[in-house]
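Student: Handing you this structure, nothing more for now.
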Amino acid sequence: MGFHPHLDRVAVFTLATPDRIAHARVMLASLARHNPGWVRHVFVVDRDGGPPAFTDGLAVQRSIEELGLPDLSSRFVWYEIFEATNSIKPFGFRRLFADGFDVVLYLDADIKVYSEFREVEEALSRHALVLTPHLTHPLPQDGLLPTDAIIRHSGSFNGGFLAMRDTQETRSFLEWWERTLAHDCLPPSCHDQAWLNYAPCFVAQSSILRHPGYNLAYWNLPHHPLSWEPGEVPRCAGGLPVRFFHFSGFDWRKPDILSRWDTRFRTRGIPPAVLALLEDYVCSLRSERVEQWSQAGSRLGLSGGYAIPSFLRDWLRQEPAFQAVARAGWQGGSIEEAVLEFLQLPDRTYPWLPIFLGRSLDSIPALRQTFPCESGFFLQDLATWFESVGRTGAGFGSLFPSHGWWTQEQGWEKHLRRAVERWLRHRRGLIRRRSRFRLARSLRNWLLGRSRDERRPRISVDEKPLIHVYGHFLKPLGLAEAARGTVRALQRLGYPHRVICAQAGHWAGEETSAIRFSLPTNRAQIDILHAQWYLMGDLLRWHPEILHRPKPRVAFWAWELLEAPPGAVEASAHVDEIWCPSEFNAAVFRQATGKTTRVAWHNLDLESMIRQADPSLGEELGLTGKCVFLTAADFLSDPERKNPLLALQAYTRAFPEPAEDRLLCLKLTDVEGDADYFARLRAETERRPDVRIYPSRIPRAKMFGLLLSSTALISLHSSEGFGLPIAEMLSLGKPVVATAYGGNMDYCTPENARLVGYRIVPIARDFRVYRKGALWAEPLWEEAVPHLQAIYQEWLQGDHRKIRLNAWINERSFAMYAENLRALERLLRPASIEIQSRTAPRGDSAPSRPVPVPEVPVP
C-alpha cells in the first residue's frame with residue numbers, strides 16, 4: 001500500500017528527558033510549520049509522564065509507561081539515562097502503530113526542521129522503511145575527527161531519523177530490535193545505531209535516502225557545504241534545500257563549538273552560514289526557556305541520591321544476580337533501594353569493605369596507594385576520604401554511607417588496628433611490603449571473625465523469616481528445577497523470600513519467566529543454597545554475604561549412589577543443614593557429614609506443564625494417535641545410569657515386530673558425552689522403524705509436550721536421586737515402568753507404578769562424578785517386558801489416552817517444606833518464646849498447628 005499524506009494517518013514522535021524539553025519543543029514547532037498535518041507525540045522519559053510541557057497543543061505529551069516496557073524499572077538501572085532512552089525507540093513505533101497510525105516517523109530532540117519532507121513522502125509511497133546514511137562519500141584523510149573508522153563503528157545509518165509504514169516486515173524488525181536493545185544498547189555497538197545496519201537486510205522494502213538535505217550534521221558537512229540567506233530555506237550541496245539539521249553533540253552554552261565529537265571544524269573554523277544556523281538554534285532554544293529546562297533531570301534509574309559511577313554500573317552488568325533481575329524485569333518495590341542495599345554487602349575481593357568501596361579501590365587510580373585497604377586496615381581513613389571528597393568526586397549519590405559495618409570495631413581492636421597501620425606505613429625493615437600486607441590481611445580476617453556478632457538473628461512467634469534462595473537457575477534441568485521448586489514452595493507457604501541467580505551464562509528465560517529474581521540483602525535470616533557440593537566454593541566466593549552474618553544455612557543436594565561424593569564432607573562445613581529430594585539421598589549425607597539432614601521432595605509446576613506444553617515435537621516425530629513409550633536420558637549424567645539400551649532391549653523383546661500404532665521414543669541429551677554408547681544405540685535401532693531417537697536438548701515447553709504426547713515412561717535406571725520425569729508422569733496419571741531402586745522409591749509403590757527388580761553391582765568404569773567400584777543397581781530388564789505388553793493392551797482397550805492429574809506428590813512436597821521451615825524458625829526464636837508457644841492454650845493467640853505430612857495415597 002502506498003503512502004498518501006492526505007489519507008494515511010501519520011505520526012511523528014520523539015523521546016525527551018526533562019532537561020531536553022526545550023530541544024524537543026524547538027524540533028516539534030519547526031516540524032509543525034512545514035508538515036502541519038502530522039500528529040506529533042513526545043514521550044517524556046521521567047516518572048509519571050514528567051512535568052507538563054506541551055499544554056499549548058504543540059504535541060501530545062505521553063509517559064513512557066504507555067510504551068509497555070516489561071522491564072521499565074530495571075532498564076533504567078542496567079543503562080545510563082542516555083542509553084536507556086535510545087533503547088526504547090522501537091517501543092515508540094509499536095505503540096503508535098497499535099494506536100492506529102499507518103506511518104510513524106522518529107526524530108531526535110536535537111533537530112530543527114527547515115522545509116517539507118517531500119522526499120520522505122515519496123519514498124514511503126514505495127517502501128516500508130526509510131533510513132538516512134551517515135556518509136555518502138569518504139571523509140577527508142586529515143587526521144581530524146570524525147574519521148571513516150569512527151563512523152563505521154557508529155553504524156552505516158543515523159538513528160536520529162527513521163520512518164516506517166506498518167507492515168509485517170517492519171513489525172518483525174521492531175520485535176527483533178526491541179529484544180536486541182533490551183541489554184545491548186551500549187557504547188561498543190554505538191547504542192542503538194549499529195544494529196540499524198541489519199535493517200535493509202531484514203526489511204526488503206527499505207529505502208536509503210541519499211538526499212543531502214536530510215540529517216545534515218557535523219559528520220557530513222565536509223561534503224555538503226551550507227549556504228543560508230535570512231528569510232530563506234538553507235541550501236546545501238547542489239543548491240538543494242535543507243530538510244533538517246541535526247545538532248548532535250552541540251551545547252547551547254558553547255555556541256562556537258559545532259559538536260563535542262568534532263575536531264575538524266574546531267580546528268579549521270566553522271563556516272559563516274553554519275555559525276548563523278547555530279546562533280538561530282540557540283535563539284530558538286532560549287525562546288523555549290532552555291535555561292530553566294536544563295536544570296531538570298530525569299528521576300528514573302540510579303539518579304540523585306542513588307547515583308553511581310560508570311565503573312560500578314559496568315561491574316553490575318557482569319553480576320549474574322543483577323543480570324537475572326534486568327532480564328526478568330524487576331517486580332518488587334524500589335529497585336534503586338535494592339541496588340543501594342546490595343552495594344553495601346561485603347565485596348568478594350575485599351570482604352572487609354562494602355562492594356561500592358571495594359570496586360572504587362580497584363577502579364580509581366592511586367586510591368590503593370593512598371589508602372592500602374587491601375591489607376584489611378586503613379578503613380577509617382578511607383571512610384573519611386569518602387565522606388569529605390570521595391562521594392562527590394567519584395560520582396556517588398548522597399545516600400551512600402561513609403561508615404557502616406565495615407568501620408565498626410571493638411575498643412581493643414581499635415588500638416590493635418592503629419598499631420598495625422603504623423607498622424604497615426613503615427617501609428623499611430627485613431620484611432617486604434607485600435609480605436607485611438599478607439600478614440596484615442590474615443590478621444584482619446581473624447579480627448573479622450572475632451568481632452562478628454555470633455548470635456543468630458531472632459524473630460517473634462508471629463513473624464516469618466526472610467529467606468534467600470541462591471540457585472543455579474541456568475543449569476540443566478535437575479539443578480534448576482530443584483531451585484524453582486523451592487521458590488514455588490515458599491510462595492505457596494507465604495514466606496518472604498528473595499531469589500538470587502548465582503550463575504552467569506545462557507539465559508533460559510522461558511524456564512524462569514515465573515520467578516521474581518532479586519538482589520541479595522543483609523537482612524536475610526535464612527539462606528537456602530541450591531548448589532551442589534562441588535559448586536559450593538564458587539557460590540561462597542561470589543556471594544561473601546552468605547558467610548558475613550551468622551544465620552541458618554541450608555544446602556540442597558542430590559546424589560545417586562550409596563557412598564557420599566568426594567568433597568561433600570568439606571563443603572558441609574559451611575552449612576547447618578542439608579536438604580535432599582529423597583530419603584535415599586538424605587541417608588547418605590546424614591551418615592557422611594553428621595549434619596541435620598531433611599527431605600523435601602521436588603514439587604512440580606503442573607499448571608505450567610499443561611498451559612505451556614508445545615506439542616510440535618510429538619507431531620514432528622509422528623507420535624500422534626500412537627501408543628508411545630518414552631525413555632529420557634542425559635548422557636552427561638552417564639547413559640549407563642539411565643540405561644536407554646536396556647529400555648530398547650525390553651521394548652524389542654516385548655514387541656518383536658514393528659507396528660504402525662506403537663512407538664518407542666528415545667529422548668537423549670548431550671550424546672557427545674558418550675559417543676560410543678550412542679553409536680551402539682544407533683546400531684540397535686537401525687532395523688526398527690518403530691523406534692524414534694531425538695538426540696538434542698529441547699526447551700521445557702517442548703519436553704512438557706513430549707510427556708503429554710507419550711503413553712508411558714520407561715525408566716530402567718541404575719539409580720535416581722529423585723526421578724523428576726517419573727514424578728511428572730505419575731502426576732499426569734500416566735503409567736510408569738521403573739526400577740524399584742533409588743530416590744523414586746519415596747513415592748513409587750506397587751500400586752501406582754510398574755516396578756522392576758534389580759541386583760546391586762559395582763560400577764564398571766569411571767564416568768565424571770561416578771567412580772569405578774561404587775555400587776548401584778542393575779535392573780532386571782526382562783521383568784519390564786510383561787509390563788510393556790500389558791500397557792499396550794490396555795491402550796488398545798482405550799485406557800491411558802487422557803490426562804488424569806494427581807497432585808499428591810506436590811502436596812506432600814509442600815508439607816515437607818512446611819515442616820522443614822518450621823524447624824529452622826525454631827532456631828531463630830528465643831527459648832522462652834518456644835516454651836510459651838508449646839504450652840499456649842488453644843485460641844486466637846496460639847500459634848497455628850503444624851501442617852501434617854500426609855501418607856502416600858494410592859492414586
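Student: State the Cα centre-to-centre distance between region 342-396 and region 628-654 in whole Å.
Tutor: Computed from Cα coordinates, the inter-centre distance equals 57 Å.
Student: At a probe size of 1.4 Å, how large is the accessible area of D674, to the nearest 10 Å²?
Tutor: Using a 1.4 Å probe on the heavy atoms, I get roughly 20 Å².
Student: Give me the one-decimal nm value for the distance between modelled label points at R765 and E387, 7 Å along each residue's Cα-to-Cβ direction.
Tutor: Rounded to a tenth, the inter-label distance reads 6.6 nm.
Student: R0 = 56 Å: FRET efficiency of V569 with R687, Cβ-based, nearest 0.05?
Tutor: 0.70
Student: Follow-up question, since we're still on this one. What does the charge dipole of the chain about its Cα centre add up to, to the nearest 20 debye, if the Cβ of each Lys and Arg holds +1 and the Cβ of each Asp and Glu holds -1?
Tutor: The dipole magnitude comes to about 2940 debye.
Student: Using just the helices of the chain, give the 222 nm mean residue ellipticity in deg cm²/dmol: DSSP H runs with n ≥ 4 each add -39,500 (n - 2.57), and the total is spread over all residues, rounded to 500.
Tutor: Here the helix-only value at 222 nm equals -10500 deg cm²/dmol.
Student: Give me the accessible area of E122, 1.4 Å probe, in Å² rounded to the nearest 10.
Tutor: 110 Å²
Student: Grab the Cα-Cα distance for A149 and K802, subtract it from 0.36 nm times how many residues apart they are, and report the gain in nm with one decimal.
Tutor: Full extension from A149 to K802 adds 228.7 nm.
Student: Relative contact order of the chain: what whole-number percent is it, with Cα pairs under 8 angstrom and at least 6 residues apart?
Tutor: 8 percent
Student: Could you tell me which GluC sites (Glu not before Pro) in region 734-804 are loop residues by DSSP with no more than 14 other beta carbons within 10 angstrom of their beta carbon?
Tutor: For GluC sites (Glu not before Pro) across region 734-804 that sit outside H, G, I, E and B with at most 14 neighbouring Cβ atoms in 10 Å, the list reads E751.
Student: Percent of alpha carbon pairs in the chain separated by more than 51 Å?
Tutor: Looking at the chain, the distances longer than 51 Å represent 36 percent of pairs.
Student: Please list, in order, the residues from region 68-93 whose amide nitrogen is less than 13 Å from a point placed 7 Å along the Cα→Cβ vector of R179.
Tutor: none
Student: About its Cα centre, how strong a charge dipole does region 593-687 have in debye, to the nearest 20, once Lys and Arg get +1 and Asp and Glu get -1 at the Cβ?
Tutor: So the dipole magnitude of region 593-687 works out to roughly 480 debye.
Student: Of all beta bridges DSSP finds with both residues in the chain, what is the antiparallel percent, to the nearest 5?
Tutor: Taking every DSSP beta bridge within the chain, about 25 percent pair in antiparallel fashion.
Student: Listed highest first by mean packing, meaning other Cβ atoms within 10 Å per residue, what order do 690-697, 285-292 come in?
Tutor: Ranking, from highest mean packing down: 690-697, 285-292.
Student: Work out how much length T596 to T624 would gain on full extension: take 0.36 nm times their residue separation and subtract the Cα-Cα distance, in nm to one decimal.
Tutor: So the extension gain works out to 5.3 nm.
Student: Additional query: Under Stokes-Einstein, with the Kirkwood radius over Cα pairs standing in for Rh, what whole-number D in µm²/s applies to region 310-427 at 20 °C and 1.002 mPa s?
Tutor: So the translational diffusion coefficient is about 138 µm²/s.
Student: Ok, one more. Could you tell me which residue out of G231, L277, S259 lies farthest along the dipole of region 230-280 toward its positive end? Charges go on the beta carbon: Lys and Arg +1, Asp and Glu -1, centred on the Cα centre.
Tutor: Result: S259, furthest along the dipole toward the positive end.
Student: If R₀ is 22 angstrom, what is the calculated FRET efficiency for the pair I208 and E229, using the beta carbon separation as r and rounding to 0.05?
Tutor: Calculated transfer efficiency: 0.15.
Student: Please give the per residue accessible area of region 631-759, computed with a probe of 1.4 Å over protein heavy atoms only, in Å².
Tutor: In whole numbers, region 631-759 has 33 Å² accessible per residue.
Student: Roughly speaking, what is the centre-to-centre gap between region 213-259 and region 77-132 when only Cα atoms are used, to the nearest Å?
Tutor: The two parts, judged by their Cα centres, are 20 Å apart.
Student: Extending each Cα 7 Å along its Cβ direction at R368 and R118, get the distance between those two points in nm, one decimal.
Tutor: Between R368 and R118, the label points sit 6.5 nm apart.
Student: Determine how large the accessible area of R488 is when every protein chain is in place; take a 1.4 Å probe and give Å² rounded to the nearest 10.
Tutor: Probe radius 1.4 Å; accessible area of R488 about 40 Å².
Student: What's the magnitude of the charge dipole for region 10-294 around its Cα centre, counting Lys and Arg as +1 and Asp and Glu as -1 at the beta-carbon? Answer in Debye, nearest 20.
Tutor: 340 debye
Student: Further question: Identify, among V339, G618, L708, the residue whose Cα sits farthest towards the positive end of the charge dipole of the chain, taking +1 on the Cβ of Lys and Arg and -1 on the Cβ of Asp and Glu, with the dipole about the Cα centre.
Tutor: Result: V339, furthest along the dipole toward the positive end.
Student: Find how much the distance from R611 to S125 grows on full extension, using 0.36 nm per residue of separation minus their present alpha carbon separation; answer in nm with one decimal.
Tutor: Value of the extension gain: 170.6 nm.
Student: At 1.4 Å probe radius, can you tell me the per residue accessible area of region 10-294 in Å²?
Tutor: Ligands and nucleic acids excluded, the result is 39 Å² per residue.
Student: May I ask you to rank D184, D48 by accessible area, largest first, using a 1.4 Å probe over the protein chains only?
Tutor: D48, D184
Student: Ordering S189, S156 by how much accessible area each has at a 1.4 Å probe, largest first, what is the list?
Tutor: S156, S189
Student: Using a 1.4 Å probe on the protein heavy atoms, what percent of the accessible area of region 152-270 belongs to carbon and sulfur?
Tutor: 51 percent
Student: Computing the accessible area with a 1.4 Å probe over protein heavy atoms, can you report the carbon and sulfur percentage for region 310-427?
Tutor: C and S fraction of accessible area: 48 percent.
Student: Among K667/K802; K626/K772; K667/K772; K464/K595; K642/K702, which pairs are too far apart, with a Cα-Cα distance over 31 Å?
Tutor: Beyond 31 Å: K626/K772.
Student: If you don't mind, there's one more thing I want to ask. Working with all protein chains in place, sort W352, W542 by solvent-accessible area computed with a 1.4 Å probe, largest first.
Tutor: Of W352, W542, the descending order of accessible area is W542, W352.
Student: Dividing the alpha-carbon Rg of region 661-814 by 2.2 N^0.38 Å yields what?
Tutor: For region 661-814, the normalised Cα radius of gyration comes out at 1.09.
The values are calculated or read from the model by the stated rules, or taken from the named source; none is laboratory data. Treat the numbers as computed from the prediction; the structure is a model and nothing was measured. Here the Cβ is made from the backbone with ideal geometry for all residues, glycine too, and neighbour counts use every protein chain on show. For accessibility, only protein heavy atoms count, side chains too; no ligands or nucleic acids. Shrake-Rupley method; radii C 1.70, N 1.55, O 1.52, S 1.80 Å.
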